[in-house]
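Student: First the structure, which I've put down as structure tokens, then a few questions once you've had a look.
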């Protein structure tokens, strides 16, 4: 199964720092991210005027994949508020409705997110406290 999506979120807090996009497969019977699926060929692309301005292949974690990307303005080009992502997911009993995609947005300079959990259940920023963020589930 391949998943491909586009997001167009312009955060009201502004564009600054790094943002994170995660993809995982939810086990509907337990409500927990599955660890028995394989994710391959991950790619996130930031877009401006239909041109790719940044790419990342992501970091595979036990329960999915996490992409890190810029969130900034450079010469009137905004990074991070428009992009597309794709990933190949392999495993038994896959249902496209079980694939979950989340955007974690920060708006201050901060230590990097520890790339351990694709569900973003308890984000940790390398020991930094009080890093402001929000998480949006993307369709």
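Student: Quick one: order 101, 52 by neighbouring beta-carbon count within 10 Å, fewest to most.
Tutor: 52, 101
Student: Right, another one. Multiply the residue separation of residue 93 and residue 136 by 0.36 nm, subtract the distance between their alpha-carbon atoms, and state the gained length in nm to one decimal.
Tutor: 12.9 nm
Student: As an exercise, use a Förster radius of 41 Å and the Cβ-Cβ distance of residue 29 and residue 51 to find the FRET efficiency, rounded to the nearest 0.05.
Tutor: It comes to 0.45.
Student: Which of 114, 90 comes first, and how do the rest follow, when ranked by fewest Cβ neighbours within 10 Å?
Tutor: Result, fewest neighbours first: 90, 114.
Student: So between residue 116 and residue 41, what do we pick up on full extension, going 0.36 nm a residue minus the alpha carbon distance?
Tutor: 25.1 nm
The numbers here are math on the coordinates, done by the rules we state, and not lab data. In this text the structure is predicted, and so the values were computed from the model without any measurement. Quick reminder, even Gly has a Cβ in these numbers, built from the backbone with ideal geometry, and neighbours come from all protein chains shown.
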